[in-house]
1. M203 fails exactly one of the following numbered conditions: (1) buried (at least 17 other Cβ atoms within 10 Å of the Cβ); (2) assigned to a helix (DSSP H, G or I). What is the number of that condition?
2. Can you tell me which residues in the stretch 90-126 are acidic (D, E), out of contact with any Leu (no Cβ under 9 Å at 6 or more places or on another chain) and either modelled with pLDDT under 95 or not in a helix (DSSP H, G or I) (or both)?
3. Suppose we filter G219, G138 for residues that are part of a loop (DSSP other than H, G, I, E, B) and at pLDDT 95 or above; which single one remains?
4. Those residues that are touching a Leu at 6+ places or on another chain (Cβ under 9 Å) and part of a helix (DSSP H, G or I), I need them from the stretch 152-162; list them, please.
5. Could you grab the pairs with beta carbons closer than 9 Å, sequence gap of 6+ or different chains, first residue in the stretch 127-143 and closer than 15 Å to S100 by Cβ, second one assigned to a helix (DSSP H, G or I) and aromatic (F, W, Y)?
6. Quick check, is A152 crowded, with 17+ Cβ neighbours inside 10 Å, within 19 Å of L105 (Cβ to Cβ) and modelled with pLDDT of 95 or more?
Amino acid sequence: MAECNSCGSEYNTGTEGSDFGLCPKCYAETSAQIEAEAARKSAGKTKPETIKLTPKEWRAGILFLLGITAFILFFVFIGYAISDEKINDLTNADSSVRQSAAVSLGENGEESAVDDLITVLQEDKDSAVRTSAANALGNIGDTRAIEPLKTALREDSSPYVRQSAVQALSAFGPAQALEPVLSALQDEDSSVRMQAALELANMDDARAVESLNAALDEGDTAVAAGAYKFFIQQGKAGSENLLIAALNEYGGTTMANKYLNSGNALLENAARDWAEAHGYDIEPYYGKMDGNSWGGN
């Protein structure tokens with residue numbers, strides 16, 4: 001005999017429900033209640049079930065998204081504030097502040113500053129500031145700057161501004177840069193011609209090649225210095241003397257190393273002479289040399 005856990009009556013062990021500590025009557029009633037509840041839930045289920053966020057979890061998710069959005073907007077606002085500050089600095093009485101602002105706006109690619117930088121390029125009295133404005137416009141790459149840069153290349157009195165205009169225009173590709181950069185090969189200043197030669201050497205254009213070779217034939221050492229990698233790669237017989245003259249007039253260690261590893265004996269000897277004259281030692285190099293071989297060999 002055992003006592004029912006539900007009603008307290010005694011019942012014989014081994015009967016239905018005894019495994020649960022219930023007499024047969026209480027077990028029957030409990031089973032009926034369970035089946036009825038299951039039937040009720042089944043009848044009310046009209047669509048597939050899904051897991052949903054509770055209101056508390058939903059609010060936490062929204063708060064998280066709002067926090068991220070606020071974080072992003074904060075930095076966007078700060079960025080705009082800094083940009084506006086730098087644009088205002090373009091009219092500062094201190095030329096060093098104006099120059100620094102132009103450099104910063106160019107490095108950050110601030111398209112909102114393009115019109116102001118164009119004004120600086122055209123009107124600022126300080127050539128260093130105009131030079132930085134030209135560089136900034138090239139970095140930003142907005143097509144509004146193309147015509148003002150062409151004008152600066154033709155008309156600005158400073159060779160530094162004209163040189164920067166050549167570089168900036170080249171950033172827009174040959175379609176926009178070829179004609180003005182070709183004309184810069186005739187500039188009176190050697191630094192402008194050197195920059196023009198460098199940019200033309202990087203353009204895959206037959207007119208650029210023709211103009212560079214014409215300048216080489218005319219003995220322009222500035223053009224030879226600007227496009228020395230191109231001329232080494234081309235390997236034109238008889239051009240060594242002008243390339244050596246360009247090294248001695250304009251060269252540095254990078255140029256001398258290219259000559260040293262060009263595979264041309266005349267250029268190699270010239271590089272050794274240049275190194276000795278400037279106090280450099282020549283040592284073995286065991287890394288991979290990114291050089292231009294004579295004639296592309």
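The values are calculated or read from the model by the stated rules, or taken from the named source; none is laboratory data. Since the structure is predicted, the reported quantities are computational estimates derived from the model, not experimental observations. Cβ sites come from the backbone with ideal geometry, for glycine too, and all protein chains shown count toward neighbours.
1. (2)
2. Step one: list which residues in the stretch 90-126 are acidic (D, E), which gives 94, 107, 110-111, 115-116, 123-124, 126.
Add one more test, that the residue is out of contact with any Leu (no Cβ under 9 Å at 6 or more places or on another chain), and what stays is 94, 107, 111, 115, 123, 126.
The answer is D94, E107, E111, D126.
3. Working: G138 fails: part of a loop (DSSP other than H, G, I, E, B).
Exactly one residue qualifies, and that residue is G219.
4. Initial filter on the stretch 152-162 (touching a Leu at 6+ places or on another chain (Cβ under 9 Å)): 152-153, 156, 161-162.
Passing the criteria: A152, L153, V161, R162.
5. Final answer for the pair search is A128/Y160; R130/Y160; T131/Y160.
6. Working: crowded, with 17+ Cβ neighbours inside 10 Å: yes; within 19 Å of L105 (Cβ to Cβ): yes; modelled with pLDDT of 95 or more: yes.
Spelling it out, A152 is indeed crowded, with 17+ Cβ neighbours inside 10 Å, within 19 Å of L105 (Cβ to Cβ) and modelled with pLDDT of 95 or more.
Every residue, every condition in (1) over 35 Å from the mean Cα position of the chain (by Cα); (2) among the hydrophobic types (A, V, I, L, M, F, W, C); (3) assigned to a loop (DSSP other than H, G, I, E, B); (4) within 23 Å of Q167 (Cβ to Cβ), yes or no:
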{"position": "A215", "(1), (2), (3), (4)": "no, yes, no, yes"}
{"position": "V223", "(1), (2), (3), (4)": "no, yes, no, yes"}
{"position": "K229", "(1), (2), (3), (4)": "no, no, no, yes"}
{"position": "I232", "(1), (2), (3), (4)": "no, yes, no, yes"}
{"position": "N241", "(1), (2), (3), (4)": "yes, no, no, no"}
{"position": "A246", "(1), (2), (3), (4)": "no, yes, no, yes"}
{"position": "L267", "(1), (2), (3), (4)": "yes, yes, no, no"}
{"position": "E283", "(1), (2), (3), (4)": "yes, no, yes, no"}
